[in-house]
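Reviewing the structure listed below.
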Amino acid sequence: MAIIIDVLMPAAGSEYGAAAGSILDGYRAAFGERGMTLRPRPWDLGPGDGDATLALFAWGYHLDVGRWQAMLAAWPADRPLFNAAALLAWNTRKTYLAELEANGIPIVPSRFGHADTASIAAAFDHFGGEELVIKPQVSGGSHRTVRVGRGDPVEPLDDAIIQPFVAAVSGEGELSFLYIAGQFSHAVRKVAAAGDFRIQPQFGGIFTRFAPEAEQRDLADRIIAALPEPALYTRVDLLRLADGNLALMELEAIEPDLYPHLEPELPARLANALGNELGINAPAMST
């Protein structure tokens with residue numbers, strides 16, 4: 001009998017639904033080889049009755065964060081969720097960056113709080129430079145993320161992060177490190193289009209595989225080790241600051257794109273890791 005894995009998907013009617021479903025289809029064969037059937041379930045319906053649940057495609061939770069947080073808080077202890085509900089809740093609000101910084105992880109310099117004329121002016125004075133990036137503390141896909149210069153009008157934003165603009169996004173790029181069950185899988189370079197600061201493909205960002213240097217891997221490994229609990233899957237995004245040092249831009253443990261189109265073995269690695277967590281024996285190798 002197949003093991004049923006509920007996969008949290010975008011809410012019904014979401015603009016994210018078609019893309020998430022297409023990427024999910026690329027995982028089905030690898031999971032099937034481990035005796036697992038992937039069953040889509042809109043995240044806003046809460047827990048299903050599968051043998052376990054993957055949160056991997058809960059895209060759009062940031063648009064209804066109250067329901068998302070309530071679902072995680074009430075998640076049944078006897079219903080395995082990957083990543084665990086406590087880790088997903090911790091990763092929901094980007095104030096986790098401040099916690100990691102307090103534990104010795106370098107982050108892109110950040111101020112957390114209300115963004116308005118006064119706080120933005122203070123951030124310019126604090127960070128220096130001529131441009132800032134302002135984003136919600138709970139967000140995804142550059143939702144409500146803006147880049148502003150000194151004196152630009154800005155719409156007030158509660159629960160914001162204010163950061164200096166980092167020019168490396170359109171140079172060296174954002175460096176993403178993908179981990180499965182705490183083990184490094186592959187690395188992807190994401191470079192924003194000239195004149196933009198958003199690295200997503202819909203804004204012209206270009207993604208390529210790259211072989212990371214030891215310095216880059218060491219920092220990514222340190223960040224994984226600093227998680228409050230182990231994760232089945234994680235993406236670590238690093239940027240090089242103006243002083244030449246690498247810093248954490250984002251750690252995604254909820255619904256990251258793991259870029260399987262750039263690493264064909266990724267679905268099998270994830271399926272094997274989940275199978276190991278659930279005590280499912282690996283298929284016998286043919287001879």
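Quick note: the coordinates plus some simple rules give every number you see, no bench work behind them. Bear in mind that the values here come from a model prediction, so they are computed numbers and not experimental data. Counting neighbours? That spans all protein chains shown, and the Cβs are built from the backbone with ideal geometry, glycine included.
Between amide H atoms placed 1.01 Å from N, distances below 5 Å from Phe184 occur with no residue 5 or more places distant or on a separate chain.
Our coupling estimate for the range 171-176, obtained by passing each phi through the Karplus curve with A = 6.51, B = -1.76, C = 1.60 and θ = phi - 60°, is x, 4, x, 7, 9, 9 Hz, Gly and Pro reported as x.
A P(r) calculated from all alpha carbon pairs of the chain, with 5 Å bins opening at zero, reads 1, 5, 12, 16, 18, 17, 13, 9, 5, 2, 1, 0, 0, 0 percent.
Between Glu172 and Arg147, the simple spin-label model (points 7 angstrom out along Cα→Cβ) gives 1.8 nm.
P(r) for the range 87-183, from all Cα pairs and a bin width of 10 Å, is 14, 44, 33, 8, 1 %, short bins first.
Rounded to the nearest 20 debye, the dipole size of the range 1-130 about its Cα centre is 240 debye, using +1 on the Cβ of Lys and Arg and -1 on the Cβ of Asp and Glu.
Its alpha carbons give the range 1-126 an Rg and a Dmax of 18.2, 62 Å.
Rounded to the nearest 5, the antiparallel percentage of DSSP beta bridges internal to the chain is 75%. Using the Cβ atoms and a cut-off under 14 Å, what net charge is assigned to the surroundings of Gly104, where Lys and Arg are +1 and Asp and Glu are -1? Neighbour charge sum, excluding Gly104 itself: -3. Comparing the range 79-129 with the 2.2 N^0.38 Å rule of thumb, its C-alpha radius of gyration ratio is 1.54 (two decimals).
Comparing Glu174, Glu252, Glu131 in a Gaussian network model of the chain where C-alpha atoms under 10 Å apart are linked, the largest mean-square fluctuation is found at Glu131.
Computed from backbone phi with θ = phi - 60° and the Karplus coefficients 6.51, -1.76 and 1.60, the 3J(HN,Hα) list for the range 94-102 is 6, 5, 4, 4, 5, 5, 5, 4, 5 Hz; x is used for glycine and proline.
Counting charges near Asp159 (Lys, Arg +1; Asp, Glu -1) among other residues having Cβ under 14 Å from its Cβ returns a value of +2.
State, to one decimal in nm², a quarter of the convex hull surface area for the C-alpha atoms of the range 219-262, i.e. the direction-averaged projected area.
3.9 nm²
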